[in-house]
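Reviewing the structure listed below.
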There are 4 protein chains.
Amino acid sequence: MSTTQRAPVPRDRENDYTHEAAKTRREFLAEQTGTSLEHVSSYSFDPDLVQGNVEHFVGVSQVPIGIAGPLLVDGEHAKGEFYVPLATAEGTLVASYNRGMRLLHEAGGVKTTVMDDRMQRAPVFIFASAREARAFGEWLDEHFDDIKAAAETTTRSGKLLDIERYSAGRQLYTRFNYTTGDAAGQNMTGKATQAACHWILEQRTDIEHYLLEGAFATDKKSSQVNMLRTRGKRVVAEAVIPNALIESVMHASSELLFRARQVNNLGGFMAGVNNNGSHSANGITALFIATGQDAANVAESSAAFTYVELRENGDYYYSITIPALIVATYGGGTGLATQRECLELLGCYGAGKVRKFAEIVAATVLCGELSLGSAVVAEEWVHSHDLLGRNRPS
Amino acid sequence: MSTTQRAPVPRDRENDYTHEAAKTRREFLAEQTGTSLEHVSSYSFDPDLVQGNVEHFVGVSQVPIGIAGPLLVDGEHAKGEFYVPLATAEGTLVASYNRGMRLLHEAGGVKTTVMDDRMQRAPVFIFASAREARAFGEWLDEHFDDIKAAAETTTRSGKLLDIERYSAGRQLYTRFNYTTGDAAGQNMTGKATQAACHWILEQRTDIEHYLLEGAFATDKKSSQVNMLRTRGKRVVAEAVIPNALIESVMHASSELLFRARQVNNLGGFMAGVNNNGSHSANGITALFIATGQDAANVAESSAAFTYVELRENGDYYYSITIPALIVATYGGGTGLATQRECLELLGCYGAGKVRKFAEIVAATVLCGELSLGSAVVAEEWVHSHDLLGRNRPS
Amino acid sequence: MSTTQRAPVPRDRENDYTHEAAKTRREFLAEQTGTSLEHVSSYSFDPDLVQGNVEHFVGVSQVPIGIAGPLLVDGEHAKGEFYVPLATAEGTLVASYNRGMRLLHEAGGVKTTVMDDRMQRAPVFIFASAREARAFGEWLDEHFDDIKAAAETTTRSGKLLDIERYSAGRQLYTRFNYTTGDAAGQNMTGKATQAACHWILEQRTDIEHYLLEGAFATDKKSSQVNMLRTRGKRVVAEAVIPNALIESVMHASSELLFRARQVNNLGGFMAGVNNNGSHSANGITALFIATGQDAANVAESSAAFTYVELRENGDYYYSITIPALIVATYGGGTGLATQRECLELLGCYGAGKVRKFAEIVAATVLCGELSLGSAVVAEEWVHSHDLLGRNRPS
Amino acid sequence: MSTTQRAPVPRDRENDYTHEAAKTRREFLAEQTGTSLEHVSSYSFDPDLVQGNVEHFVGVSQVPIGIAGPLLVDGEHAKGEFYVPLATAEGTLVASYNRGMRLLHEAGGVKTTVMDDRMQRAPVFIFASAREARAFGEWLDEHFDDIKAAAETTTRSGKLLDIERYSAGRQLYTRFNYTTGDAAGQNMTGKATQAACHWILEQRTDIEHYLLEGAFATDKKSSQVNMLRTRGKRVVAEAVIPNALIESVMHASSELLFRARQVNNLGGFMAGVNNNGSHSANGITALFIATGQDAANVAESSAAFTYVELRENGDYYYSITIPALIVATYGGGTGLATQRECLELLGCYGAGKVRKFAEIVAATVLCGELSLGSAVVAEEWVHSHDLLGRNRPS
């Protein structure tokens, strides 16, 4: 189509992370498009800070932050009250999470547990036939210690836990599972697995092909395998909420909530959903953007399993399990200016904090589930009874 | 647990969207947590702007923006070259998309097509038994015009297209599908469907219960029903790339890419993935944050169908279909300071632009797929052949 | 490997459906393998009967039939009591269904409803690009009457209902949905759709390729699309069972059943199952083999949605929805000797009976679900309480 | 509804497995329904044989058996030529498999490999909160030897391999995986796991509830977890077929087949299918009915992963992986009269034969896939080119 000369984005080959370089690019864009990026140019840090985070830097997106809280957490790593920064432009989101936090605060807080912790890279190995693939699987078991040693030469904090295997045809798909300290670990596990694979390729001459990623880590995708086998943190948040509180704070009742949940569980199952809850992605995304997480991981982290019980005394037990919560308190965007401040606000910046942060995310999510769930029930279900003046039996 | 007095986040009941109110909250947080939000407080707009976007406003998350491009698009709405703002903290992301845009520019650009466009709200209706639910389904058909009229009283741009139905037990799950103009439309369709439901509830006395959301819209979740039946825009981006370009620009080949895709298609299918491509969520999320989209919709918008062909002359046909791309050029966060500038940079701010924007997103995604795919192949597959000095037959 | 001459199975080119031809083959097999098929040769009909049902006929598999019942059905087509023939070799299966039928008989019977009825063939059409595929989709709407006429030239009982469309890349996947009278209809819809496609191909010169089956009918496979959109009959069976009956007949309770169902619903959802119930495939398969249905369709027909309620008075509402029940009372194996007798036993042989039969299948399934569910609860859950002498709170 | 006296099926309490008892029931049915079961009564064995296989025995379903073959297998357990008995009433099924067997015979046979072998029972344990569930998971590891010992007290051939764990909320879902010798093993693993659970319940007082089946074994259902983690045998069948053979035997070509497969892989992926192949359930079901397998397991066994390659010389590599093939050569229906003969025909009756049988099933399936795939391509794709006289470019 267009035969005009392609005009690439200008770069300063000496040092591209300066106010000047950013300005040059903005001027170039103004020239090309007629649009000036005034607000985008209003950032409060030295561009040197974003080296390693972005290329062709021109400025920032300013995403509004609201504060919800206090969130009361009864975790193993997160204990006590937190004020949670949520970066979002969706009206009522902060208010809704805030309301849920008030409910759960009065109910005694949210109990949180990190059930598992594993980040993976998933190479696939291709052999002459299925038989060699099967033998290779056994060989991986026999040489696990060597493979682990090779992988761990590239990292101080990454530890190879195990190698899952899934066979099909002449392929052996694997998942190299690691703990990755306080980093999310996608890069760390990539390098470690590459090193492990090179060691493997030196030993085995019968591997016809290999790919570092055989689509079984499902990075930036939602998948059954990650929901079953965990990617990042598998975290549970749970609480028991007295019905009286649900009535006074939420203008709903545990019975209405429970009944609606039954109907929605079936709806979600039929719809083929990766999450039978309400909207965990809302809280997760807002927290991710505020704290420098990779928001593209919402693809994985939006999966959730909700399970509730209506107790005999009317109490409502509510749990949510996030099977693939990908978070970091070190590396990636966590050290950027505002992102670091938001992690610090939660007492979660830096080493040794990632499970604490994971617990806060899960507790936040639980509050949002109860809040939206109550709103739907209060406004709609009750509506059909009360406003329309009917008394329908169930 | 804690028995301390709960300290709620302070609000100014007169006007909470002022510099003062934000400052008061930051001071409160500093008192409570010892953390001061210096960078967060550095925003360049009047807080009045974020009314309707956030509650308990304290400042902003500054997310770095890099520019990739020019992206050459051969769409029905987007035509020509675009410089694409990507808000991200993931190093190499912008560079990778930029490289893919260079490849596709040289290949003549990306062809884009909006295949479908529908946003939904999904009420469920519960009857005495399945038989009444079935009859109600037929009644919906017979009264579609009235229902449509009731729904459209609440909106100028929303148009009710049809009502899908899914039955189970004594429930009838529905999907009220709308076009929503340039808004993403979740709120618009919520209000319209509520109005429609109230009209329905007035006519029918046999509805035992109803919920405005029966979990079939799968808002903020990934689902089969949305991948099949579309949520937001269903967009295809496609291109034919000569092998010579893949070799010169990407240091890979169409044959290697094709072979790797076969292996990854199977891997993804086994893994139960919502996307058999590479990493579309990366580009989508970065564009969403830059332009004021709701990044929580990455949960839905991360789904994708990739389909490729290795042509006889070595050309590589590559298509990606995004079945649930939720975008807006009006409403939500699109009018915020930096977000609006980024939309303007693309010529996509305001009315009549949403399909153009959807096409740009899809074209961007295609460039990223080819770039990462090539990188994996170039670095890994070739590596095993060349660096290790083996010449393995396939 | 083997270089021996390939010895094909002998056929009689004049008439292969005779006792002689069958005997010749059995002798051939005895020669080749040393195995004589004594019992297999003991069939009670003229081999001429199986023409059109099997090739290289040698005899029969004798599958034991047990009778469960009376099954009390409150359907629209099936009304009253039925004695249900179940062909199976799995011990306790008949007894278990029989027990469930007793429970439901005492509870007043099973209410059944056929919610939908559609069999499909799913051609895919491939175009130069997505844009032509989209235009073709609109063209299908505009020419629906002509397409329907072309399809229906090949069949008296098949009626084309609509053409669903699913786009990806430059492909347009379709589902041609038909009602098919009393036949299951896979062949009928195949021929009709082929005729329709030939008419289409005559009109359109822009179709690069077409396949009569684009994998969207998912014949002999389980799929989300069939669970959502129906294949064959979508049938609901439901009942309300007083707790007293559950206690006296099943030695369980509605509360225990309900609680176990909650836990299993979550388990099934996590496991990625096509059926959140217990074992509907057992009853369906046994009925299918007895009555000459195609048991390979258990792949589709095993899908199910279970939904239960624990009512305030302790009653247990139980419904099961079978979204892809593929049945016939005409054609296929329904006219074979024993198969026809079993259909006659149910009053379901021949024209105008297929919905009656579908209702009986669904009612049977419901009985089996309650029976196995109760057994698990009675033996295990209670066991852990009573036998082990603990009184655990829930 | 009906208030008539319920007339239960008559039983002989002394010995219900006699010609007399069967006849009494048939007479009862004739009285109740007016239908006489002449052909059903024509069975060739002593009813005593079906004790443990069926209750309320009245006779048999006579399912026609056709023979396909010779099937040439290059397995580790099955080696050489086999004549395969297929019990079916679907016309052309035997002919189609037979044709595929001819193709693969000429191509040198089907290579088969049993990749994994594990049958499971899946109890769920419920605790006060997620934290105790996590601790219990670790306890299972520490006490694996004791648990294994307890489980294996109930069986000679069952061996506990490992205990998989999947957590959600306060539940720990497990999968107790066993090898089960030549039996399918559902009952064996049920008893063994029950014994193991009783031992566990004696040790642990913190288990609030437990269910022997938490819906993670997905017996008689299709599921992602079984497709990923295997249920029964995971078997691969693969072959390389020269294009010349495909042309001469099938009137298709490797290129056409490959292209159609690409389109169908995408169709199946979008449709959310449990099998991206053609119709493996057809061959599996027919073999299951002939040989006394539990045909209800077609629900699980219908899952499959197809993977193909078009080699540079035009050869077509085709593999199919059946991840949950549930088969037995001992127990269940395998000892019945005709069923045993059919197993003997394959040299697969009795101890030590189950993997041989699994390989024969998988090889049969592969032949059917190529046959149907070729038919579709030959009749439809070529049709659109040749008959309609167009020469469309791809």
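The values are calculated or read from the model by the stated rules, or taken from the named source; none is laboratory data. On a predicted model such as this, the values are computed, not experimentally measured, just so you know. Here the Cβ is made from the backbone with ideal geometry for all residues, glycine too, and neighbour counts use every protein chain on show. Side chains are part of the model used for accessible areas, which takes the heavy atoms of the whole protein and leaves out ligands, DNA and RNA. Shrake-Rupley method; radii C 1.70, N 1.55, O 1.52, S 1.80 Å.
Brief remarks follow.
- Where region A:91-227 is the region considered: accessible area per residue in Å², 1.4 Å probe: 30 Å²
- Share antiparallel - DSSP beta bridges, region A:2-145, percent rounded to 5: 80 percent
- Across the identical copies, the 7 Å label point of residue A:48, projected outward along Cα→Cβ, sits 4.0, 9.6, 9.9 nm from its counterparts, in ascending order.
- Per residue of B:327-334, other chain Cβ atoms within 10 Å of the residue Cβ number 2 on average.
- Per-residue average of Cβ from other chains inside 10 Å of A:279-286: 6
- Legend: P(r) of the protein assembly as shown from all alpha carbon pair distances, 10 Å bins from 0, whole percents, reading 1, 8, 16, 22, 22, 17, 9, 4, 1, 0, 0.
- Residue closest to axis [chain C; rotation mapping onto B; Cβ; Å]: C:224, 2
- With the simple spin-label model, which puts each label point 7 Å out from Cα in the Cβ direction, the residue D:156 to residue A:149 separation comes to 4.6 nm.
- Extreme residue, positive dipole direction of chain C, given options C:58, C:378, C:44 (C-beta unit charges): C:378
- For the protein assembly as shown, carbon and sulfur atoms together expose 45% of the accessible surface, with a 1.4 angstrom probe and every protein chain in place.
- Residues of region B:115-164 that bury at least 50 Å² of accessible area once all protein chains are present, compared with their chain alone (1.4 Å probe, heavy atoms only, ligands and nucleic acids left out), are B:115, B:130, B:131, B:134.
- Rounded to 10°, Cα long-axis angle of helix D:19-33 versus longest principal axis of chain D: 80 degrees
- Assigned charges on the beta-carbon of Lys, Arg, Asp, Glu; region C:233-352 dipole about Cα centre (debye): 220 debye
- Taking only the Cα atoms of region C:102-169, the radius of gyration and Dmax are 19.6, 63 Å.
- Nearest-0.05 FRET efficiency for residue C:27 and residue C:191, computed from C-beta distance (R0 51 Å): 0.85
- When chain D is treated as a Gaussian network with alpha carbon springs shorter than 10 Å, the biggest mean-square fluctuation among D:250, D:101, D:115 belongs to D:115.
- Taking the Cα centre of chain C as origin and assigning +1 to Lys and Arg Cβ atoms and -1 to Asp and Glu Cβ atoms, the resulting dipole is close to 520 debye.
- Across the copies of the chain, residue C:202 has label points (7 Å from Cα along Cα→Cβ) spaced 5.2, 6.9, 7.9 nm apart, shortest distance listed first.
- Residue-normalised accessible area of region D:1-66, given per residue in Å² at a 1.4 Å probe: 51 Å²
- Part-to-part distance (alpha-carbon centres) for region D:318-376 and region C:245-292, which is given in Å: 28 Å
- Total accessible surface hidden between C and D, rounded to 100 Å², 1.4 Å probe: 11100 Å²
- Radius of gyration over Kirkwood radius for chain A, both on Cα atoms: the Rg/Rh ratio is 1.04.
- Using alpha-carbon coordinates, inclination of helix B:254-271 to the longest axis of chain B, degrees: 40 degrees
- In the elastic network of chain A, a GNM with C-alpha springs shorter than 10 Å, the most mobile of A:222, A:129, A:157 is A:129.
- Evaluated with a Cβ-only charge set (Lys, Arg +1; Asp, Glu -1), the protein assembly as shown carries a dipole of roughly 0 debye about its Cα centre, given to the nearest 20.
- Fully extending the segment from residue A:20 to residue A:248, taken as 0.36 nm per residue of separation minus the present Cα-Cα distance, adds 76.4 nm.
- Simple spin-label estimate for residue C:313 and residue B:51 in nanometres, 7 Å along Cα-Cβ: 5.5 nm
- Across the identical copies, the 7 Å label point of residue A:314, projected outward along Cα→Cβ, sits 2.2, 7.7, 8.0 nm from its counterparts, in ascending order.
- Between helix A:354-376 and chain A there is an angle of about 40 degrees, using the helix long axis and the longest principal axis of the Cα atoms.
- Peptide C:45-55 shows a mean partner chain C-beta count of 5 within 10 Å per residue C-beta.
- Pairs of alpha carbons in region C:63-221 whose separation is greater than 18 Å (percent): 66 percent
- Highest GNM mean-square fluctuation among B:102, B:131, B:355, for chain B modelled with Cα contacts below 10 Å: B:131.
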